[in-house]
């Protein structure tokens, strides 16, 4: 044979070459087999290890998001530390379908304890062959005990967290609600999630012992009084709804706010009903003559009118197709204080005319009445107004027609008129005086505020004033009524009113502002509609009478009836 380099090889040489090649090839094959076996052993070892790990895990942790336990939430407390919302432990029922022996028998037994169980849905879950399915969340201890006694294989319980609201309906619209997974879906519960709690829960860092209580500005004692009075008024006057708010005039803190009908957050089966609406912050209304507070303040603050100015209200005012009349007209020239206490539509219209269309809208916007109110409460409506303001719009807006705002915004605007002219966005969280002043804006001058305090007090003490039924002996209450005809089918109704009364006390240096509303009230013993002086004003009086001492306002007797209490020289 000829070698690779042209040399001859013997037969012996050839066998040596073949032998050597076989040895080399055989070695490589064995190495490949060993390596392949090692890879397969590694893969199977990894899978086996993972299966052992998963078998040792809790069902909740091994079957995805659907089986996770509810995350913790911080307690919510009032300004005095009273608990408004807290987590409690509850049992939730789950199944491991792979371990269910007889799905039909299991369902038959479960429905003896849980008659409302969806049979078809439950059957599909039990036959799914998965490792974990929820059957019923948040059971009572008795339901848990009864199900345990059934002894169904593949059925077990997880301890979950459920939100409990000790105050029930009393704080429902403020505190809000969580869903079945303990996530905030309304009220301050949703606000807390949006401030970062939801992220903590998602990352598993929402540990109960590390979550500090969230303190509100609400005083549960005042809140209870507010809710009690509006509920009683709604029943007494057979109204559609009622509401009220109490605000600290120095800081803008909300001490109490309620709206009825409401719901029980511990059993919120009717929370989505159409009549369950927080009318104080999410309801839009034409606020009627309470808006005349802003019209008069605007005229005074403009410098174009003073308390000594007069307007001619002797005859109706016609603007285009609109004719403006007074409800109880005096048919003569009125001073600015008389325009206010007699609630003259004609007088208010002429006050607005003095300022002008642009100045009027700018003033309402400055007082926060035309923009959506930004508080911690997510449920907040955006006011409505004419797309283009014309003279007729300015004239009607002067006495509360033609634009809609929320009662809470109206109260916040009056706070500025009472506290020296500083507008501060109302808050449901504690706020110091220094913090309030730093966050406030001067919207009217101090003299305008002094004048408005004088007029509020005058309206409660002078003959013919509409605020008499809102007064409380010893507390020097002043205020303004508002009786607005409701719009029905595009026209103002003579049979349906929306009433409001806005008040402040004590008038020489107002500490608190109280606003009440009542929707479609009727006179006692009659089907006729009632006015604000007979319905909304007494609500304010009752709230102040019961809560003033709790708020630290001491009564002083012997000074009632003097209009000079408002510090007007």
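The values are calculated or read from the model by the stated rules, or taken from the named source; none is laboratory data. As the structure is a computational prediction, the values presented were derived from the model and not from experiment. Glycine gets a Cβ as well: all are built from the backbone with ideal geometry, and neighbour counts include every protein chain shown.
Does residue 244 qualify as being under 23 Å from residue 377 (Cβ atoms), under 15 Å from the mean Cα position of the chain (by Cα) and surrounded by fewer than 22 Cβ atoms within 10 Å (Cβ to Cβ)?
Here the answer is no, as residue 244 does not meet what is asked.
I need every pair where a residue in the stretch 145-169 that is not assigned by TED's automatic domain parsing to the domain that holds residue 88 has its Cβ under 7 Å from the Cβ of a residue that is in a loop (DSSP other than H, G, I, E, B), sequence separation at least 6 or different chains.
Once the first residue is not assigned by TED's automatic domain parsing to the domain that holds residue 88 and sits in the stretch 145-169, no partner that is in a loop (DSSP other than H, G, I, E, B) comes close enough.
If residue 111 passes every condition in (1) under 23 Å from residue 267 (Cα atoms); (2) outside any loop (DSSP other than H, G, I, E, B); (3) touching a helix residue (DSSP H, G or I) at 6+ places or on another chain (Cβ under 6 Å) but one, which one does it miss?
It is condition (3) that residue 111 fails.
Among the numbered criteria (1) crowded, with 23+ Cβ neighbours inside 10 Å; (2) part of a helix (DSSP H, G or I), which one does residue 542 miss?
All conditions pass for residue 542, except number (1).
Could you say which residue among 107, 88, 155 is out of contact with any strand residue (DSSP E or B) (no Cβ under 7 Å at 6 or more places or on another chain) and modelled with pLDDT of 90 or more?
107
Is it true that residue 465 is over 26 Å from the mean Cα position of the chain (by Cα) and either crowded, with 24+ Cβ neighbours inside 10 Å or under 26 Å from residue 306 (Cβ atoms) (or both)?
Taking the combined requirement at face value, the residue satisfies it.
Restricting attention to the stretch 371-381, does a residue exist that is surrounded by fewer than 24 Cβ atoms within 10 Å (Cβ to Cβ), without any contact (Cβ under 8 Å) to a residue 40 or more places away in the chain and within 21 Å of the chain's Cα centre (by Cα)?
Looking through the stretch 371-381, at least one residue is surrounded by fewer than 24 Cβ atoms within 10 Å (Cβ to Cβ), without any contact (Cβ under 8 Å) to a residue 40 or more places away in the chain and within 21 Å of the chain's Cα centre (by Cα).
Considering only residues that are in contact with a strand residue (DSSP E or B) (Cβ under 8 Å, 6 or more places away or on another chain) and not in a helix (DSSP H, G or I), which ones fall in the stretch 337-361?
Once the filter is applied, which keeps residues that are in contact with a strand residue (DSSP E or B) (Cβ under 8 Å, 6 or more places away or on another chain) and not in a helix (DSSP H, G or I), the stretch 337-361 yields 342, 343, 344.
Looking at the stretch 114-123 only, could you name the residues that are without any contact (Cβ under 8 Å) to a residue 12 or more places away in the chain and either surrounded by 12 or more Cβ atoms within 10 Å (Cβ to Cβ) or not in a helix (DSSP H, G or I) (or both)?
Passing the criteria: 115, 116, 118.
Mind checking whether some residue in the stretch 126-137 is in contact (Cβ under 8 Å) with a residue 24 or more places away in the chain, in contact with a strand residue (DSSP E or B) (Cβ under 8 Å, 6 or more places away or on another chain), buried (at least 16 other Cβ atoms within 10 Å of the Cβ) and farther than 27 Å from residue 87 by Cβ?
yes
Would you confirm, using the coordinates I've provided, whether residue 101 is over 30 Å from residue 193 (Cβ atoms), at pLDDT below 95, surrounded by fewer than 17 Cβ atoms within 10 Å (Cβ to Cβ) and not assigned by TED's automatic domain parsing to the domain that holds residue 134?
Answer is no for this residue.
So, residue 364, is that one closer than 30 Å to residue 188 by Cβ, in the same structural domain as residue 421 (by TED's automatic domain parsing) and assigned to a helix (DSSP H, G or I) or not?
In short, yes.
For the stretch 82-98, name all the residues that are surrounded by fewer than 16 Cβ atoms within 10 Å (Cβ to Cβ) and assigned to a strand (DSSP E or B).
Selection gives 83, 88, 89.
If you check 334, 284, which single one turns out to be touching a strand residue (DSSP E or B) at 6+ places or on another chain (Cβ under 7 Å), closer than 18 Å to residue 484 by Cα and surrounded by 15 or more Cβ atoms within 10 Å (Cβ to Cβ)?
The conditions single out 284.
For residue 460, are the conditions met, namely being without any contact (Cβ under 8 Å) to a residue 60 or more places away in the chain, buried (at least 24 other Cβ atoms within 10 Å of the Cβ), assigned by TED's automatic domain parsing to the domain that holds residue 316 and under 29 Å from the mean Cα position of the chain (by Cα)?
Criteria not met by residue 460.
Can you tell me which residues in the stretch 303-331 are surrounded by fewer than 14 Cβ atoms within 10 Å (Cβ to Cβ) and in a loop (DSSP other than H, G, I, E, B)?
303, 306, 308, 314, 315, 316, 320, 321, 325, 327, 328, 331
Checking the structure you have, find out if any residue of the stretch 38-59 is assigned to a helix (DSSP H, G or I), at pLDDT below 60 and under 25 Å from residue 179 (Cβ atoms).
Yes, that holds for at least one residue.
Of all the residues that make up the stretch 414-435, how many are in a helix (DSSP H, G or I), buried (at least 20 other Cβ atoms within 10 Å of the Cβ) and within 24 Å of the chain's Cα centre (by Cα)?
3
Taking residue 392, is it out of contact with any helix residue (DSSP H, G or I) (no Cβ under 8 Å at 6 or more places or on another chain), under 27 Å from residue 260 (Cα atoms) and not in a loop (DSSP other than H, G, I, E, B)?
Here the answer is no, as residue 392 does not meet what is asked.
Restricting to the stretch 341-370, count the residues that are free of Cβ contacts under 8 Å to residues at least 60 places away in the same chain and either surrounded by fewer than 20 Cβ atoms within 10 Å (Cβ to Cβ) or under 19 Å from residue 443 (Cα atoms) (or both).
So the count comes out to 13.
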